[in-house]
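The values are calculated or read from the model by the stated rules, or taken from the named source; none is laboratory data. Predicted model, so just to flag it, every value in this text is computed and none were measured. Cβ atoms come from the backbone with ideal geometry, glycine included; neighbour counts cover every protein chain shown. Remember, those area values only see protein heavy atoms, side chains included, never the ligands or the DNA or RNA. Shrake-Rupley method; radii C 1.70, N 1.55, O 1.52, S 1.80 Å.
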Amino acid sequence: VAVDAALLAGVLMRTGERPHASDVVNYVPFTLLPSAVPRALFEQACTVQQDFNLLVDAVSQNKEFLEQTLASTIKVDDFTAQLFRIYMQVLEEGLAQTVFLGINRSDYMFDCGLDGTAALRQIEINTIAASFGGLTSRTADVHRLVLKVLGKTEEASHLLPNNPAKGLALGIAKAWELYGSQRAVVMFLVEEVQRNIFDQRCVENELWNRNIRVLRKRFRDVFEQGSLDASRRLYVDGQEVAVVYYREGYVPQVYDQQNWAARLLLERSRAVKCPDIATQLAGTKKVQQELSRPGTLEKLLPGHPEAVARIRATFAGLYSLDEGEEGDRIAATAIADPDRFVLKPQREGGGNNLYGEELREVLEKIKDSPERTSYILMDKIKPQPALNYLLRAHSPLQVSECISELGIFGVYVRQGQELVLNQAAGHLLRTKAIEHADGGVAAGVAVLDTPYLV
């Protein structure tokens, strides 16, 4: 019943065997039952999202902060260095872009203290290509039906309405409108292999419903068909582009010389980029670690003491591995007790973090080299596991001990210095079996879920 409901609701993905074809699809893995989430922590995560939107926007506008924070990282991490070079080049030329759109997703886990109380702890904030806003809009209906079939009608009525696709489209539509040309289109910048196309289509169709035209293009299309006019308006395939919405561009593997050239062209243009390169840099792990230092939030958000307090309350322990005494000490602590920590490189997209013995081996190898500055160290969060069934095509049905990660989508639009939109735009719950340390839904580890507030 659950699988049929997921197929009916359009919780779909293309298959690994035929990633380019929509005539063979399957359901996206999901939990049979919704998972319990503490109501107070869920509400805390929703409330703090507007503060995180403000913070990401402030970081993206602070050249001095980005330069200082990423100085050590760009010496050893080529990908971040190349993004940073484009960022500086665009600033030197002078920004043509006047409207800024941020779509981010802040991810949390529920850390179980020794006394059994749970606390909200931020894992990371994704500022580029934050996915599953579309498919999660449809998952609650599946869980609602499952609960009804199980005779839990009362419980079914408690599942929250949730439509991030609509919230994300609202942000894109606002940016399109402020760009100020009815003829201009929204361009989804998409991957070469698009298994997760239906998630994107949910957002895309919301835009078509508002009579906003959408193009889907890859970096190579931009390279071959893209150009700027004298006032740096962006044209791709002869059409003026108002908004570039990135669903690609967050991992080094996608960039060759031609794709870097396309990225530079996009960044130099007047089009609203979601994200612009400064906002992508604001989402790096090094920035996340720097934000946790005492006094940093106050500098970035002067006059917002309540927002600073709310943000800080979600931070887990984060530590710098920069060269010097502090970094030496932290590296030694982690090598001695690797199970206390997670080692994180400057990467998005899941499946990159290191734990336990692997963490120790890597740190042992790089502890005396500048390479260690391309990582940060974070306290390992220890959630309370719960039992659930993870439904995956061609997998046996078995009960698993699971942990969940809650993501809150945020959308903001700034015109010049004025923030014209700032809101939370829905949530995403992903659940995985405890034997998997790292990885998201697209990486094939976590599955879609719905929070049941307790």
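Would you check if there is a residue in region 366-373 being in the same structural domain as Thr69 (by the TED database) and open to solvent by less than 20 Å² (accessible area, probe 1.4 Å)?
Our first condition is that a residue be in the same structural domain as Thr69 (by the TED database); within region 366-373, this holds for none.
The answer is no; no qualifying residue exists.
Looking only at region 20-40, count every residue that is farther than 17 Å from Val447 by Cα and open to solvent by 20 Å² or more (accessible area, probe 1.4 Å) and tell me the total. Spell out the reasoning first.
First pass over region 20-40, keeping only residues farther than 17 Å from Val447 by Cα: 20-24, 38-40.
Next, only the ones that are open to solvent by 20 Å² or more (accessible area, probe 1.4 Å) stay: 20, 22-24, 38-40.
Summing the residues that are farther than 17 Å from Val447 by Cα and open to solvent by 20 Å² or more (accessible area, probe 1.4 Å) in region 20-40 gives 7.
Which of the helices (runs of 4 or more DSSP H) found entirely inside region 189-273 contain at least 1 residues meeting this: buried (at least 17 other Cβ atoms within 10 Å of the Cβ) and out of contact with any helix residue (DSSP H, G or I) (no Cβ under 7 Å at 6 or more places or on another chain)? Before the answer, list the steps.
Details: elements: 197-209, 219-225, 257-268.
Correct list: 197-209, 219-225.
Are any residues in region 296-307 open to solvent by less than 30 Å² (accessible area, probe 1.4 Å) and among the small types (Gly, Ala, Ser), and if so, which ones? Explain how you work it out, then say what you get.
Taking region 296-307 and keeping what is open to solvent by less than 30 Å² (accessible area, probe 1.4 Å), we get 296-297, 300-301, 307.
Passing the criteria: only Ala307.
Counting only residues that are farther than 15 Å from Glu405 by Cα and outside any loop (DSSP other than H, G, I, E, B), how many does region 22-63 have?
Within region 22-63, residues that are farther than 15 Å from Glu405 by Cα and outside any loop (DSSP other than H, G, I, E, B) number 19.
Is region 341-351 home to any residue that is open to solvent by 40 Å² or more (accessible area, probe 1.4 Å), polar (S, T, N, Q) and either assigned to a loop (DSSP other than H, G, I, E, B) or at pLDDT below 90 (or both)?
For region 341-351, residues open to solvent by 40 Å² or more (accessible area, probe 1.4 Å), polar (S, T, N, Q) and either assigned to a loop (DSSP other than H, G, I, E, B) or at pLDDT below 90 (or both): absent.
Would you pick out the residues in region 74-94 that are in contact with a helix residue (DSSP H, G or I) (Cβ under 9 Å, 6 or more places away or on another chain) and more than 30 Å from Asp379 (Cα to Cα)? Before you say what the answer is, go through the steps one by one.
We begin by selecting, within region 74-94, every residue in contact with a helix residue (DSSP H, G or I) (Cβ under 9 Å, 6 or more places away or on another chain); these are 74-91, 93.
Correct list: Arg85, Ile86, Tyr87, Met88, Gln89, Val90, Leu91, Glu93.
Within region 101-116, how many residues turn out to be of a type in the set (Gly, Ala, Ser) and modelled with pLDDT under 95?
2
Which one of these is more than 30 Å from Asn205 (Cβ to Cβ), modelled with pLDDT of 95 or more and among the small types (Gly, Ala, Ser): Ala36, Ala6? Show your work before the answer.
Details: Ala6 fails: more than 30 Å from Asn205 (Cβ to Cβ).
Among Ala36, Ala6, only Ala36 is more than 30 Å from Asn205 (Cβ to Cβ), modelled with pLDDT of 95 or more and among the small types (Gly, Ala, Ser).
Can you tell me which of Arg144, Arg85, Arg138 is under 19 Å from Ala424 (Cα atoms), in the same structural domain as Pro252 (by the TED database) and assigned to a helix (DSSP H, G or I)? Spell out how you get there, then give the answer.
Details: Arg144 fails: under 19 Å from Ala424 (Cα atoms); Arg85 fails: under 19 Å from Ala424 (Cα atoms).
Every option except Arg138 fails the conditions.
Is it the case that some residue within region 429-445 is polar (S, T, N, Q), closer than 28 Å to Pro38 by Cβ and modelled with pLDDT of 95 or more?
Keep residues of region 429-445 that are polar (S, T, N, Q), which gives 431.
With closer than 28 Å to Pro38 by Cβ added as a condition, the list becomes 431.
Still in the running and modelled with pLDDT of 95 or more: 431.
Within region 429-445, one or more residues are polar (S, T, N, Q), closer than 28 Å to Pro38 by Cβ and modelled with pLDDT of 95 or more.
Among the listed residues Arg293, Arg310, identify the single one that is of a type in the set (Lys, Arg) and surrounded by 16 or more Cβ atoms within 10 Å (Cβ to Cβ).
Working: Arg293 fails: surrounded by 16 or more Cβ atoms within 10 Å (Cβ to Cβ).
Exactly one residue qualifies, and that residue is Arg310.
Within region 96-136, restricting attention to residues that are among the β-branched types (Val, Ile, Thr) and either open to solvent by 10 Å² or more (accessible area, probe 1.4 Å) or under 17 Å from the mean Cα position of the chain (by Cα) (or both), which residue is nearest to Gln288 (Cα to Cα)? Even if it seems obvious, please write down each step before you answer.
Here is the first cut: in region 96-136, the ones among the β-branched types (Val, Ile, Thr) are 98-99, 103, 117, 123, 125, 127-128, 136.
Going one step further and asking which of them are either open to solvent by 10 Å² or more (accessible area, probe 1.4 Å) or under 17 Å from the mean Cα position of the chain (by Cα) (or both), we end up with 98, 103, 117, 123, 125, 127-128, 136.
Numbers: Thr98: 26, Ile103: 17, Thr117: 25, Ile123: 10, Ile125: 8, Thr127: 12, Ile128: 15, Thr136: 26 Å.
Within region 96-136, the match that is nearest to Gln288 (Cα to Cα) is Ile125.
Table: residues versus (1) modelled with pLDDT of 90 or more; (2) under 30 Å from Val236 (Cβ atoms); (3) in contact with a strand residue (DSSP E or B) (Cβ under 8 Å, 6 or more places away or on another chain).
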| site | (1), (2), (3) |
| --- | --- |
| Leu265 | yes, yes, yes |
| Arg268 | yes, yes, yes |
| Leu281 | yes, yes, no |
| Gly303 | yes, no, no |
| Ala307 | yes, no, no |
| Ala313 | yes, no, yes |
| Tyr319 | no, no, yes |
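Quick test of your reading of the structure: Ile381 fulfils all but one of (1) over 20 Å from Ala446 (Cα atoms); (2) outside any helix (DSSP H, G or I); (3) open to solvent by 10 Å² or more (accessible area, probe 1.4 Å); (4) among the β-branched types (Val, Ile, Thr). Name the failing condition by number.
Exception for Ile381: condition (1).
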